[in-house]
Amino acid sequence: MAALVSVATTVGIVISLFVPAFQFFQEVPLTDFLFGTTWSPTFANPGFGVWPLVVGTLLITVIASIVALPLGLGSAVYLSEYAEDRVRRTLKPALEVLAGIPTVIYGFFALTLVTPLLRWLIPGDAEIPQIYNALSAGLVMGVMIIPTIASLSEDAMSAVPSGLRQGAFALGSNRRQVATRVVVPAALSGITAAFVLGISRAIGETMIVVMAAGLQPNTSWNPLEIHQTMTAFIASTAAGDIATGTTIYKTIFAVGALLFVMTFVMNMISIRLVRRYREVYE
Amino acid sequence: MSIPKNTPGPSSTSSVSTTGTRIRVHESLAGAMTESTPDLPVSVSVASSGANTGDDAGRAFESVITTRDLSVYYGSYQAVRHVDMNFGKNRITAMIGPSGCGKSTVLRCFNRMNDLIAGARVEGTITYHGQDVYAEEVDTIEVRRRVGMVFQKPNPFPKSIYDNIAYGPRVNGWKVSSMDDVVEEALTRAALWDEVKDKLKESALALSGGQQQRLCIARCIAVQPDVILMDEPCASLDPIATSKIEDLMRELADDYTIIIVTHNMQQAARVSDRTAFFTADVDDEGVRHGRLVEMDWTNKIFTNPSDPRTEGYISGRFG
Amino acid sequence: MTITAPPPPPSPATPAARPLLKATGEPLRERAFKWMLWFCMAVGLVTLVVLLVYVFIRGWGALDTRLVTNMPSSVLPATAGAQSAITGTLWLMVFTAIWAMPTGILAAIYLEEYGDPTRWYNRVIEINILNLAAVPSIVFGILGLAFISRGLGFGPTILTGSITLALLVLPIVVIASREAIRAVPQSIRAGSLALGATRWQTVYRQVLPAAIPGIATGAILALSRAIGEAAPLLMLGVSFVRFNPDGLMSTFTALPVQIYNWTTESRPEYTELAAAASVVLLVLLLAMNSVAIYIRNKTQRRW
């Protein structure tokens, strides 16, 4: 009886896998076009090159990573190696709150505060960056992802046996050396897992980019301009009035399939890495 | 490996005449002996006469580490109280006793590892070559460099053998003309060089337990310590590995002062020059506190201990 | 402070002992490193505070009873409220819980108590759940859109929305429930079985009750995630609605969607409303999490 329930779960995944794929194959001729560079599916002469959307996704992901990876790892090292118990117990949950804030609100924040702030900060034309730009979205997304990276990294570092730390201290190391030369290298696979998971989240995030980065595909890598990511495209297209079965409708699934594959691969890598460090130390 | 130096070790007790009840003790010790030294130093009789500051073969007893009225607290819990000890230069001193008596706690004070435990506090004094180890101006890092430690469970870093040894010098900022030489020297002194010289770049975790422990000893030696603390170093090793390490200890004592905590009193009898016996008192509220019962030349402790509790432990009546 | 360079490569009897123990303050490099780490933590926390304060201040003007009593209006921001969004969110959460909880708990029970972890299909299920937990929410939106909204023709109703969200948070429920069940000591199970109870009885009467706090916390975690999701709902076609839901098949709007709508409105008055709605959403979240923390603290098990 209960087994059926879990089968239902599996079915859910299988379906979510097959549906995009199925629809996707209906566009077989478009598969080639998926490597084109113009994304204009609604134009009379439609372009189905998905590259601009990929650029948007990658650009924002990179910005988010530049923010989140160092800050996340730094926070984790602080929590794991420097903070006393009491401090850790207050700060760690506080950081988790960051992860719990709905992404709509982050999007609102990015559009209404961060973008004007950037405009004020960046010298020159008051119109730089554009109202919709990749930088605001990327920065805010980065902050949103910090807890993901910090949490998983800190778990990995906690799993490093205290015997290693003791041995290092006994040889005359100070805390920085123990953290950077012993603990972080020992926890490396877990930390990598954290990074990969964080990046995966960045790729799959929708609301922040819809609200702050805009809905216009752009192949330039300039973060101060408007960009549309894969997720933003999917969301805006579906929210519009598209008839079922049209090619445009199917683009949702094509892009969705690509998105799914990207995040799926990253998630599998992350799970594999976590398993590895768990095996070594437990 | 033969024992090179003159030691009034228990291996020679069999030649010392003893009165009736003690013979039992000696026979059990004799059974645990691995080798006997060819030299039966005359000094044995001096040692067994119980002189606390006696010496052997004319070597003066110089105390490297001394504790005076040492008590260690974890928070408000007094784990060990009122310990007075001295540890001789280039001697092997063993701390024995049943578990939970504070031996490891005291050991960890010598290199200030207890600092890492929140709430740990020390009262009384510990001096190292006459200097207070816990004084305000003392550089903990330097203390730990000079007073090295080997742990119960071997803890090599998940790096190559080479990097494990090189870690200490690197972390202390040493600029050495040839790190290779440092590594080789340390491994040689730890009696491990021949076994690993062809695989220095391989992971240290691939070594056997006994080899890992010798690696940890080599790692410790690489920073040129003065004293080496060993917290039950053979507890997780098989007998063959154990005897290798015991042989190694005797060699190392030529150059370093060694302090070892051990549960295995035969090991203490085999290896050490002096022995300290700990036990635990239970106070009125039922709380255990560790204390030092007696500390003396190993020979005396095992043949003619002053305290009946020591005698009880040695003869296996408890512990 | 520089670190002393010691004597050159070792000779056996080097007296490393004699020189004075030197005192050094914590060298600059160490302190700088520590500050850098503190900075890393601070950025996240400071941003959090800034965000919360900003949203609150920005929405201050619209934070009154109007918000709860009035319906959203795209014409008159002065009289707009968020009632349909609030009720929509509440309806949505109730049904999401109804779909997700039993399914998730049962699945967890199966995996923990009945499933043989060495069987390949069980391991596949496990990995699937882990993967599902990390799939972007918008993919769930695609799923809901294709199958339920369009496929079954239900359109953007409470039913569609709640099922989609339930699927989204199902992995969270399963994982949290598994943890809770796993935390129940074996001895309890053994004791029950030894008294002649069947497996199901053991689970139902002993394990589950013991695991309830953990499961409840997991449920709240799941709902906390669901309550803030906008992307899947947008995918389903949820948008502007000016009435409260009146049934499973009713169309609806929810707070996250409303916030999105108001943010994208060009008129600046709507920004205030968006901020106010955000505050409401945050307050709801805070309430839910406080309950979770309360439960967790109240039931610290003394195994």
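The values are calculated or read from the model by the stated rules, or taken from the named source; none is laboratory data. Bear in mind that the values here come from a model prediction, so they are computed numbers and not experimental data. Virtual Cβ from ideal backbone geometry, glycine too; neighbours counted across all protein chains shown.
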Checklist (1) within 9 Å of chain A (Cβ to nearest Cβ); (2) in contact (Cβ under 8 Å) with a residue 60 or more places away in the chain; (3) farther than 16 Å from C:L168 by Cβ applied to C:T103, failing item: (3)
Segment C:106-141, residues that are of a type in the set (D, E) and either within 7 Å of chain A (Cβ to nearest Cβ) or more than 14 Å from C:E179 (Cα to Cα) (or both): C:D116
Examine segment C:182-203 for a residue that is within 30 Å of C:P232 (Cβ to Cβ) and polar (S, T, N, Q), and state whether such a residue exists. no
Among (1) in a loop (DSSP other than H, G, I, E, B); (2) surrounded by 19 or more Cβ atoms within 10 Å (Cβ to Cβ); (3) away from every other protein chain (no Cβ under 11 Å), which single condition is C:F243 missing? (2)
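For (1) touching a Gly at 6+ places or on another chain (Cβ under 8 Å); (2) over 29 Å from A:V255 (Cβ atoms), each residue gets a yes or a no:
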| position | (1), (2) |
| --- | --- |
| C:I98 | no, yes |
| C:A107 | no, yes |
| C:Y110 | no, yes |
| C:P117 | no, yes |
| C:L132 | yes, no |
| C:F140 | no, no |
| C:T157 | no, no |
| C:T164 | yes, no |
| C:P185 | no, yes |
Mind listing just one residue for me: the one in segment A:162-180 that is at the interface with chain B (Cβ under 7 Å from one of its Cβ atoms) and in a helix (DSSP H, G or I) and, of those, farthest from A:R276 (Cα to Cα)? A:A170
When you check C:E272 against the structure, is it within 11 Å of chain A (Cβ to nearest Cβ), under 21 Å from the mean Cα position of the chain (by Cα) and charged (D, E, K, R), yes or no? no
With the first residue restricted to segment C:117-128 and required to be in a helix (DSSP H, G or I), and the second required to be among the polar types (S, T, N, Q), Cβ contacts under 7 Å at 6 or more apart or on different chains are C:I125/A:S6; C:I125/A:T9; C:I125/A:T10; C:N128/A:T9; C:N128/A:T10
Anything in segment B:296-309 that is touching a strand residue (DSSP E or B) at 6+ places or on another chain (Cβ under 7 Å) and surrounded by 23 or more Cβ atoms within 10 Å (Cβ to Cβ)? List them, or say none. B:W297, B:T298, B:I301, B:P305
Which count do you get for residues in segment A:75-94 that are of a type in the set (F, W, Y) and exposed (fewer than 14 other Cβ atoms within 10 Å of the Cβ)? 0
Counting just the residues of segment B:245-288 that are of a type in the set (K, R) and assigned to a helix (DSSP H, G or I), which one comes out farthest from the chain's Cα centre (by Cα)? B:R270
Against the condition modelled with pLDDT under 65, outside any helix (DSSP H, G or I) and either of a type in the set (F, W, Y) or in contact with an Asp or Glu (Cβ under 8 Å, 6 or more places away or on another chain) (or both), how does A:F24 come out, does it pass? no
Set C:T202, C:T263, C:T217: member being among the β-branched types (V, I, T), assigned to a helix (DSSP H, G or I) and at pLDDT below 85: C:T202
Kindly indicate which of B:G102, B:G50 is more than 17 Å from B:I260 (Cα to Cα) and either modelled with pLDDT under 90 or in contact with a helix residue (DSSP H, G or I) (Cβ under 8 Å, 6 or more places away or on another chain) (or both). B:G50
Select from segment C:130-140 the residues that are assigned to a helix (DSSP H, G or I) and either of a type outside the set (A, V, I, L, M) or more than 15 Å from C:L165 (Cα to Cα) (or both) and list them in ascending order. C:L130, C:N131, C:S137, C:F140
Does at least one position in segment B:193-207 carry a residue that is farther than 20 Å from A:A168 by Cα and in contact (Cβ under 8 Å) with a residue 24 or more places away in the chain? yes
Pair list, Cβ under 9 Å, 6 or more apart: segment C:254-268 residue at the interface with another protein chain (Cβ under 9 Å from one of its Cβ atoms) and closer than 14 Å to A:I131 by Cβ, other residue of a type in the set (V, I, T) and surrounded by fewer than 24 Cβ atoms within 10 Å (Cβ to Cβ): C:T263/A:T112; C:T263/C:T271
Does C:A197 meet the test of being farther than 21 Å from C:S278 by Cβ and out of contact with any strand residue (DSSP E or B) (no Cβ under 7 Å at 6 or more places or on another chain)? yes
If I go through segment A:95-153 residue by residue, how many of them are more than 18 Å from A:G204 (Cα to Cα) and surrounded by fewer than 19 Cβ atoms within 10 Å (Cβ to Cβ)? 16
I'd like to check something: does segment A:140-161 contain any residue that is farther than 25 Å from C:L52 by Cβ, within 12 Å of another protein chain (Cβ to nearest Cβ), in contact with a strand residue (DSSP E or B) (Cβ under 7 Å, 6 or more places away or on another chain) and aliphatic (A, V, I, L, M)? no
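One line per residue, one yes/no per condition, for (1) modelled with pLDDT of 85 or more; (2) of a type outside the set (S, T, Y); (3) in contact with a helix residue (DSSP H, G or I) (Cβ under 9 Å, 6 or more places away or on another chain):
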site: A:R176; (1), (2), (3): yes, yes, yes
site: A:T192; (1), (2), (3): yes, no, yes
site: A:L197; (1), (2), (3): yes, yes, yes
site: A:L215; (1), (2), (3): yes, yes, yes
site: A:H227; (1), (2), (3): yes, yes, yes
site: A:A232; (1), (2), (3): yes, yes, yes
site: A:A243; (1), (2), (3): no, yes, yes
site: A:T246; (1), (2), (3): no, no, no
Six or more apart or on different chains, Cβ atoms under 6 Å: show the pairs whose first residue is in segment A:225-236 and surrounded by fewer than 24 Cβ atoms within 10 Å (Cβ to Cβ) and whose second is small (G, A, S). A:I226/A:G214
